[in-house]
């Protein structure tokens with residue numbers, strides 16, 4: 001008979017009642033009665049009144065049963081295992097291991113399916129503040145958002161921006177982030193390459209910049225120049241572009257001004 005170690009605190013003990021055993025092993029009294037009825041765990045002793053008493057050997061056997069039950073074995077299989085020799089037990093456990101691995105694989109597939117469903121559900125709903133924080137990290141500043149609302153909240157462009165963004169999903173914001181990162185990378189490359197601010201490459205970047213603004217509110221060339229002036233007058237904007245490439249704030253300002261003059265002419 002093969003047995004697995006029972007809980008340490010049940011070592012050498014006197015015979016226990018069914019209630020004491022149930023509490024020790026975390027099983028129900030009804031379960032113990034059933035194990036007795038099917039011959040899986042008949043108690044070795046009885047009181048004079050006929051009540052069940054479990055010896056140390058019984059508790060050892062119960063410990064083994066509990067482990068096998070947690071592994072998913074049926075009671076009939078457990079009975080066979082308890083009476084089997086070492087080689088048979090190894091075969092049983094190997095088969096059970098394979099079954100558990102298969103079950104884990106199916107559960108992993110189920111988790112993946114749930115994740116995909118959750119992602120689809122979240123993609124279709126408007127992004128929350130938490131979504132934006134997770135997506136943009138330090139690039140999303142609630143304090144700045146509040147300051148911007150205080151400064152421009154009564155303007156048509158602010159209201160237009162709120163209308164255009166209120167239903168944007170996380171996926172749409174992710175595209176905004178990706179496009180912004182691509183633009184800033186190209187901006188840094190143009191500055192490093194010494195592209196002239198009145199050249200075609202600069203004009204293309206200026207138009208890309210204006211298009212990124214128009215995603216949120218109408219932005220003609222005249223208003224874009226106003227924004228460009230802020231990139232030099234507001235230290236936060238200046239620092240943002242300087243972090244991309246030294247001189248980028250001034251270069252972008254000058255490129256926007258030159259592009260506006262080109263279109264005005």
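The values are calculated or read from the model by the stated rules, or taken from the named source; none is laboratory data. Just so it is clear, the structure is predicted and the values come from calculations on it, not from any experiment. Positions of Cβ are generated from backbone atoms using ideal geometry, with glycine treated the same way; all protein chains shown enter the neighbour counts.
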So which residues in segment 165-185 are more than 26 Å from the chain's Cα centre (by Cα) and surrounded by 14 or more Cβ atoms within 10 Å (Cβ to Cβ)? 183, 184
Here the residues within segment 207-242 that are without any contact (Cβ under 8 Å) to a residue 12 or more places away in the chain, surrounded by 14 or more Cβ atoms within 10 Å (Cβ to Cβ) and over 23 Å from residue 261 (Cα atoms) are 240, 242
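Taking residue 246 as the residue in question, decide whether it is part of a loop (DSSP other than H, G, I, E, B) and in contact with a helix residue (DSSP H, G or I) (Cβ under 7 Å, 6 or more places away or on another chain).
Criteria not met by residue 246.
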Which ones in segment 50-64 are under 16 Å from residue 29 (Cβ atoms) and modelled with pLDDT under 90? 50
